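These notes concern the structure reproduced below.
The values are calculated or read from the model by the stated rules, or taken from the named source; none is laboratory data. Predicted model only: the values in this text are computed from it and were never measured. All Cβ positions, even for glycine, are placed from backbone atoms using ideal geometry, and neighbour counts span all protein chains on display.
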Amino acid sequence: MKAILLTLVCLQAALTVITAVASLCGRRAVVHVMPRWMQRMLRGYTGITLYPLGIFVQPEVWDAISWYNREKGRWARKVIRHESIHVEQQRETLGLFFLWYGVEYLFRRMFADHRDAYHGIAFEAEAYANDSDMDYLEHREPFAFTGYFRQRNWV
């Protein structure tokens, strides 16, 4: 148990350093198609942001971006904007994003089902509230997700 905890602490520290360096470099997130193992693991989710590695999306999102289809293209761009908001959140929290995300999810899960707990997380609430705004990242305030803690009920 101690070895697992020590490994997690070391990984968190390494991620913090990588995130800080990438933030200083101003690196933009790159969109990738999820590898097959990730597709199986994240079945039911359209994308995930793993900053500084990039945004990983399911193949159907990638296809909707790659091929011209007005309706699916609009949906795919919304998914990318949603994940881009998470990129900014992960830059700001300097590697603590997943720890914070997990703790908030577990707390909310005590009082609600998975769907409500997931959508109640401040990071997700900000991303869902603003993923239709094409210019949101241009005028987004730093740490804007903190304004979404009280917007959603804990239950």
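Tell me the residue from 29, 22 that is touching a Ser or Thr at 6+ places or on another chain (Cβ under 9 Å) and either among the aromatic types (Phe, Trp, Tyr) or at pLDDT below 95 (or both), please. Don't jump to the end; show me each part of the working.
Working: 22 fails: touching a Ser or Thr at 6+ places or on another chain (Cβ under 9 Å).
Answer to the check: 29.
Within segment 130-147, residues that are under 24 Å from residue 104 (Cα atoms) and free of Cβ contacts under 8 Å to residues at least 60 places away in the same chain have Cβ atoms under 7 Å from residues that are part of a helix (DSSP H, G or I) and of a type in the set (Gly, Ala, Ser) in these pairs: 137/84; 145/122; 146/122, counting only partners at least 6 apart in sequence or on another chain.
Quick grid of which residues meet (1) more than 19 Å from residue 131 (Cα to Cα); (2) in a helix (DSSP H, G or I); (3) modelled with pLDDT of 95 or more:
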| position | (1), (2), (3) |
| --- | --- |
| 56 | no, no, yes |
| 68 | yes, no, no |
| 71 | no, yes, no |
| 75 | no, yes, no |
| 108 | yes, yes, no |
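Of all residues in segment 77-105, those that are among the hydrophobic types (A, V, I, L, M, F, W, C) and either closer than 17 Å to residue 132 by Cβ or touching an Asp or Glu at 6+ places or on another chain (Cβ under 9 Å) (or both) total 3. Looking across segment 98-130, the residues that are within 17 Å of residue 147 (Cβ to Cβ) and among the hydrophobic types (A, V, I, L, M, F, W, C) come down to 100, 121, 122, 123, 125, 127, 129.
Does at least one position in segment 43-54 carry a residue that is outside any loop (DSSP other than H, G, I, E, B), free of Cβ contacts under 8 Å to residues at least 60 places away in the same chain, over 19 Å from residue 31 (Cβ atoms) and basic (Lys, Arg)?
First pass over segment 43-54, keeping only residues outside any loop (DSSP other than H, G, I, E, B): 47-50, 54.
Checking the rest, the ones that are also free of Cβ contacts under 8 Å to residues at least 60 places away in the same chain come to 47-50, 54.
Checking which are over 19 Å from residue 31 (Cβ atoms) leaves us with none.
No, that holds for no residue.
The rows are residues; the columns are (1) among the basic types (Lys, Arg); (2) in contact with a strand residue (DSSP E or B) (Cβ under 6 Å, 6 or more places away or on another chain).
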{"position": "80", "(1), (2)": "no, no"}
{"position": "86", "(1), (2)": "no, yes"}
{"position": "95", "(1), (2)": "no, no"}
{"position": "101", "(1), (2)": "no, no"}
{"position": "105", "(1), (2)": "no, no"}
{"position": "108", "(1), (2)": "yes, no"}
{"position": "111", "(1), (2)": "no, no"}
{"position": "118", "(1), (2)": "no, no"}
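Quick one: which residue in 148, 136 is at pLDDT 95 or above and either touching a helix residue (DSSP H, G or I) at 6+ places or on another chain (Cβ under 6 Å) or of a type outside the set (Gly, Ala, Ser) (or both)? Talk me through it step by step, then tell me what you get.
Values: 148 fails: at pLDDT 95 or above.
Criteria check complete, one pass: 136.
Please specify each residue of segment 110-131 satisfying the condition of being surrounded by 12 or more Cβ atoms within 10 Å (Cβ to Cβ) and not in a helix (DSSP H, G or I).
Filtering segment 110-131 down to residues surrounded by 12 or more Cβ atoms within 10 Å (Cβ to Cβ) leaves 111-112, 116-131.
Scanning segment 110-131 gives 111, 112, 121, 131.
If only residues of segment 77-103 that are of a type in the set (A, V, I, L, M) and at pLDDT 90 or above are counted, the one that is surrounded by the most Cβ atoms within 10 Å (Cβ to Cβ) is 85.
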